[in-house]
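Here, each number is a calculation from the coordinates, and none is a lab measurement. None of the values given here were measured: they were computed from a predicted structure. Using ideal geometry, Cβ is built from the backbone for each residue, glycine included, and neighbour counts are taken over all protein chains shown.
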Amino acid sequence: MNPLVERLMQTNLAGRVFNERQLSDLLGGSDARRYGLVSRALKDGSLLWIRRGLYALPQPYRSASLHAFAVAQALQPGSYISFETALAFHGWIPEAVYTTASVTPARKTLSYETDSMGRFTFSPLAIHAYQFLVGVERQKLGELTAFVATPLRALLDLVALRKIVWRGLGWITQGMRIDEDNLLTLKPDAFAELRPVYKHEAVKAFLDRLQSEVSDLK
């Protein structure tokens, strides 16, 4: 076994995404020595390169698969999974989603293309202070966890991102292919907690119209 992998498997880093600083703390010694160990592990396939300075162990050396949501959290700490990615995770849309999309507290839109885990995007939204994680839940993903938007939060994040104005329920049920049965699961409290989140009045108006339409369906 590669000596770097052997060391990693003796620590809690074995099941996580880890960075250069954590490798430095684990291995000690000179930068050149650490670089040599990492290079050999990458070359023989016993270390997975995610992006510069970010790594994970591949499946043969892990007790559980590496989830893309956990990778997203490592790429942008403080972000959470949202938009179509979260809707698909909750089973609200039938289509497969090939980009792991997140909301970031940073000001710039970022994207990463990875050979092993696909594409990741991080989008900022106009959100009021202290409201960033309202309607966001910690989800257990095997041995790892990630912050994931609830279905309603993910839908409204999408509305905010694309600056969508209310066009009737058809945009949701036909355009997004969200089943009415899913909408009927939404409780008044879910609408109420999200009302203070967004800065743009158009998102609040969309939320109010959606709540009214859902109420009429019941």
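With the cut-off at 1.5 for a/c, could you classify the range 3-61 from its C-alpha gyration tensor as rounded, prolate or oblate? It comes out rounded by the Cα gyration axes. Only the Cβ atoms of Lys and Arg (+1) and of Asp and Glu (-1) were treated as charged; on that basis the dipole of the range 85-208 about its Cα centre amounts to roughly 460 debye.
Pairs of lysine residues in the range 69-218 that meet both criteria, 8 or more places apart or on different chains and Cα atoms under 29 Å apart, total 13.
Extension gain for Arg33-Thr185 works out to 49.1 nm (0.36 nm per residue, less the C-alpha to C-alpha distance). Considering only Phe132, Ala32, Ala72, and ranking their Cα positions along the charge dipole of the range 1-138 that arises from unit charges at the beta-carbon of Lys, Arg, Asp and Glu, the one farthest toward the positive end is Ala32. Any chance you could check the Cα centroid distance between the range 111-164 and the range 29-101 for me, in angstrom? Distance between centres, Cα-based: 16 Å. Computed from label points 7 Å out along Cα-Cβ, the spacing between Asp44 and Met176 is 4.9 nm. Computing Cα Rg over 2.2 N^0.38 Å for the structure here picks out one of (1) 1.40; (2) 1.15; (3) 1.20, namely (3). Extension gain for Glu6-Ser116 works out to 37.4 nm (0.36 nm per residue, less the C-alpha to C-alpha distance). The 3J(HN,Hα) values that the Karplus relation (6.51, -1.76, 1.60; θ = phi - 60°) gives for the range 98-104 are, in residue order, 9, 10, 8, 9, 9, 9, 10 Hz. Gly and Pro appear as x. Of the trypsin sites (Lys or Arg not before Pro) in the range 65-171, the ones in a loop by DSSP (not H, G, I, E or B) with at most 12 other beta carbons within 10 Å are Arg107, Lys108, Lys163, Arg167.
Amide H to amide H distances under 5 Å link Ile127 with Lys199, where only residues 5 or more positions off or on other chains count and H is placed in the peptide plane.
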